[in-house]
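Before any comments, here is the structure.
The values are calculated or read from the model by the stated rules, or taken from the named source; none is laboratory data. Predicted, not measured: the structure shown is a model, and the values here were computed from it. Neighbour counts are summed over all protein chains in view; Cβ atoms, including those assigned to glycine, are modelled from backbone coordinates with ideal geometry.
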Amino acid sequence: MKEKKLKIGVLVSGSGSNLQSIIDGIEAGRLDAEISVTISSKPDAYALVRCKKHGIPAVVIRHQDFPTREAFDRQMIDVLRSHAVELVVMAGFMRVLTPVFLNAFPMKIMNIHPALLPAFPGTHVQQQAIDHGVRFSGCTVHFADEGVDTGPVIIQAVVPVLAGDTADTLAARILREEHRIYPQAIQLYAEGRLALSGRKVIIKECPVMPESAFHNPPLSGF
Ligand code: GRF
């Protein structure tokens, strides 16, 4: 008998390349999930084209059509519940969720952010990392909470910031890793391996790599 797949709902606003990485993970059999529905806050999001191509139900919900942020969130909750969604995955979704939404899916909402949180929350973070002069940046998958990019961290990937980087070249380097860590985080959730202890995420049976370190610039003999 086939095991039950985790039903996920994906929230998007734009290109949907992270959505695509989840679709690819599912289609390759690496991710034990199914996308029950995708909600786009923008009618012209390319993510909708990806849904059509892969036969994924998609719904457009525009915040402009609702009198309050809570009313917009309630509409999304209704759609997600009607598709029996167990985990909400924000993938380039450009709206901040209200407590109404967070309380409807407690610790069942993931977000991806293109920086090593808690450094550089918010927007335009690749340019901020370059302007600050950090040698590394990366991406973070975390559970959503009431703050902006403040929730418990699940998985992070690190990339170097290189001389001559622009926001675009750094964003592309980070995005490649986003496409790897987001499906991985969802798979950990699907396997029931994520638990919360305070604000820490505990990963059950997690391999460790105590000796690994990254240097930028590389060390010369030290
Ligand atoms: C990603 O960099 C994600 O981290 C950020 O918005 C971008 C969305 O890209 N939240 P896409 O729509 O998944 O291509």
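Values for this structure:
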read-out	value
Neighbours by Cβ (under 7 Å, 6+ apart or cross-chain): first from segment 173-185, over 12 Å from Asp24 (Cα atoms); second among the hydroxyl-bearing types (Ser, Thr, Tyr) and in a helix (DSSP H, G or I)	Leu175/Ser17
The lone exception for Phe66 - which of (1) over 21 Å from Ser15 (Cα atoms); (2) of a type in the set (A, V, I, L, M, F, W, C); (3) in contact with a strand residue (DSSP E or B) (Cβ under 8 Å, 6 or more places away or on another chain) it fails	(3)
Restricting segment 64-112 to residues that are among the charged types (D, E, K, R) and closer than 21 Å to Asp44 by Cβ, the residue that is surrounded by the fewest Cβ atoms within 10 Å (Cβ to Cβ)	Asp65
Evaluation of Ser212 against (1) closer than 19 Å to Ser137 by Cα; (2) within 16 Å of the ligand (Cβ to nearest atom) (one fails), failing number	(2)
Segment 114-145 - residue that is away from the ligand (no atom under 13 Å from the Cβ) and under 16 Å from the mean Cα position of the chain (by Cα) and, of those, modelled with the lowest pLDDT	Asp145
Residue in segment 40-58 that is more than 14 Å from the ligand (Cβ to nearest atom), free of Cβ contacts under 8 Å to residues at least 60 places away in the same chain, under 18 Å from Phe105 (Cβ atoms) and surrounded by fewer than 17 Cβ atoms within 10 Å (Cβ to Cβ) present	no
Positions within segment 136-149 being in a loop (DSSP other than H, G, I, E, B) and either touching a Phe, Trp or Tyr at 6+ places or on another chain (Cβ under 6 Å) or surrounded by fewer than 15 Cβ atoms within 10 Å (Cβ to Cβ) (or both), in sequence order	Glu146, Gly147, Val148
Search result, residues across segment 89-109 that are away from the ligand (no atom under 14 Å from the Cβ), aliphatic (A, V, I, L, M) and under 15 Å from the mean Cα position of the chain (by Cα)	Met107
Hey, Arg30 touching a residue at least 24 places away in the same chain (Cβ under 8 Å), under 26 Å from Lys4 (Cβ atoms), surrounded by fewer than 21 Cβ atoms within 10 Å (Cβ to Cβ) and of a type in the set (Lys, Arg) or not	yes
Test: residue in segment 121-135 that is buried (at least 18 other Cβ atoms within 10 Å of the Cβ) and assigned to a loop (DSSP other than H, G, I, E, B)	no
Strands (runs of 3 or more DSSP E) completely within segment 151-222 that count 3 or more residues being over 25 Å from Phe105 (Cα atoms)	153-160
Single residue of Val141, Val134 found to be farther than 19 Å from Gln20 by Cβ and not basic (Lys, Arg)	Val134
Ala190 crowded, with 17+ Cβ neighbours inside 10 Å, within 26 Å of Lys5 (Cβ to Cβ), out of contact with any helix residue (DSSP H, G or I) (no Cβ under 9 Å at 6 or more places or on another chain) and not assigned by TED's automatic domain parsing to the domain that holds Ser13	yes
